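A quick write-up on the structure given underneath.
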Amino acid sequence: MNHLLSIESLSSSDITGLLHEAAMLKNSRGDTAFKPLSGQTWALLFSKSSTRTRVSFEVGIHELGGNALFLAASEIQLGRGEPLCDTARVLGRMVHGAVIRTFAQSDVEDFARLGGIPTINALTDGEHPCQILADLLTMQESGLDISTAKVAFIGDGDCNVARSWIWAAARCGFELRIASPAKFLPPGDLVARAGGRIHLVEDPREAAAGADVLYTDVWVSMGKEDEAAYRAAQFQGYQINASLLAAARPEALVMHCLPAYRGKEIDSETLEAHADTIFRQAENRLHLQKAVLARLAGHR
Ligand code: CP
Ligand code: NVA
């Protein structure tokens, strides 16, 4: 594994190994002797807003002995039109790794190829692999088997997070039901290419029935702000709330990648009742990404 560009590009054993290493790093967080990034500088090149991803990578790189260099795309020449292919070749000669949050999936793939340094997808329009890997860790910690669980994704089934869930289901074996309005279901050819046990439905209750996990994400992903009013209307009825949760298993987890918009994709009462799981998902970004960084730095 030289990069983390998508879940699609990971093998099942990559995923199992990362989850195992993340759990070990979480248990030994106070042990400061493990410094696989010692002497290294990693660039965080972000074209979109972030709280969790930015902070977890900055803290994780620091804890592993490295230096994190945050570069807002709007504040470097990239924001004035310098091509990504040139930015990649410059950074690749100076830093030891790159963590990139941007729009096109092809941009992180081009960066990885041209920069010649380990590159991590910190969210594109196509995938959000770090989030879903951390979510799998959270599921395991909660006692779920990721080869047999039933996960229901409710909301924008064609967003980056849903697409990473599709590939995770294909690689890990769990059953994934995606409930979205027809226009927001993921493309059938993508689902067919992924394989696995994936069901696309329009009725959120059908997806939630007997599920071990109800998962949601924002209705308006970054870059889709122009469609906010249209999406708010389309997604009425796709909120995770007590009524929908009643269809799931009694002990079902409610998960959200955050940021959350209370009263839209989830109601406030349900979010607060499941805050332990939801904020553990956020914390697990740190532990999981440390496992990724350590592996890419060549020390695992
Ligand atoms: N979940 C997530 O990636 O959050 P941020 O956008 O705050 O990084
Ligand atoms: N789908 C969301 C995820 C945010 C972490 C977005 O792209 O904005």
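The values are calculated or read from the model by the stated rules, or taken from the named source; none is laboratory data. Only a predicted model underlies this, so the values are computations on that prediction, with no experimental measurement involved. As a convention, Cβ positions derive from the backbone with ideal geometry for all residues, glycine included, and neighbour counts pool all protein chains shown. Only protein heavy atoms, including side chains, enter the accessible area calculation; ligands, DNA and RNA are left aside. Shrake-Rupley method; radii C 1.70, N 1.55, O 1.52, S 1.80 Å.
If only residues of segment 130-164 that are open to solvent by less than 10 Å² (accessible area, probe 1.4 Å) and among the hydroxyl-bearing types (Ser, Thr, Tyr) are counted, the one that is farthest from ligand 2 (Cβ to nearest atom) is Thr138. Residue check: Thr270 meets all listed conditions (1) buried (at least 21 other Cβ atoms within 10 Å of the Cβ); (2) within 16 Å of ligand 2 (Cβ to nearest atom); (3) of a type in the set (S, T, N, Q) but one, namely (2). Within segment 206-229, being touching a strand residue (DSSP E or B) at 6+ places or on another chain (Cβ under 8 Å) and crowded, with 16+ Cβ neighbours inside 10 Å holds for Ala207, Ala208, Ala211, Asp212, Val213, Leu214, Tyr215, Thr216, Asp217.
Conditions (1) within 18 Å of His287 (Cα to Cα); (2) assigned to a strand (DSSP E or B); (3) of a type in the set (Ser, Thr, Tyr), marked per residue:
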{"position": "Met24", "(1), (2), (3)": "yes, no, no"}
{"position": "Phe34", "(1), (2), (3)": "yes, no, no"}
{"position": "Leu37", "(1), (2), (3)": "yes, no, no"}
{"position": "Ser49", "(1), (2), (3)": "no, no, yes"}
{"position": "Phe70", "(1), (2), (3)": "no, yes, no"}
{"position": "Ser74", "(1), (2), (3)": "no, no, yes"}
{"position": "Val90", "(1), (2), (3)": "no, no, no"}
{"position": "Asp107", "(1), (2), (3)": "no, no, no"}
{"position": "Leu114", "(1), (2), (3)": "no, no, no"}
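Within segment 52-64, the residues that satisfy the criterion of being touching a helix residue (DSSP H, G or I) at 6+ places or on another chain (Cβ under 9 Å) and more than 16 Å from Ala33 (Cα to Cα) are Arg52, Thr53, Val55, Ser56, Phe57.
Taking Thr16, is it free of Cβ contacts under 8 Å to residues at least 60 places away in the same chain, outside any loop (DSSP other than H, G, I, E, B) and on the phi < 0 side of the Ramachandran plot? Considered against the rule, which asks whether it is free of Cβ contacts under 8 Å to residues at least 60 places away in the same chain, outside any loop (DSSP other than H, G, I, E, B) and on the phi < 0 side of the Ramachandran plot, Thr16 comes out as yes. Residue-level analysis places Thr51 outside the set of residues that are away from ligand 2 (no atom under 16 Å from the Cβ) and either surrounded by fewer than 16 Cβ atoms within 10 Å (Cβ to Cβ) or aromatic (Phe, Trp, Tyr) (or both).
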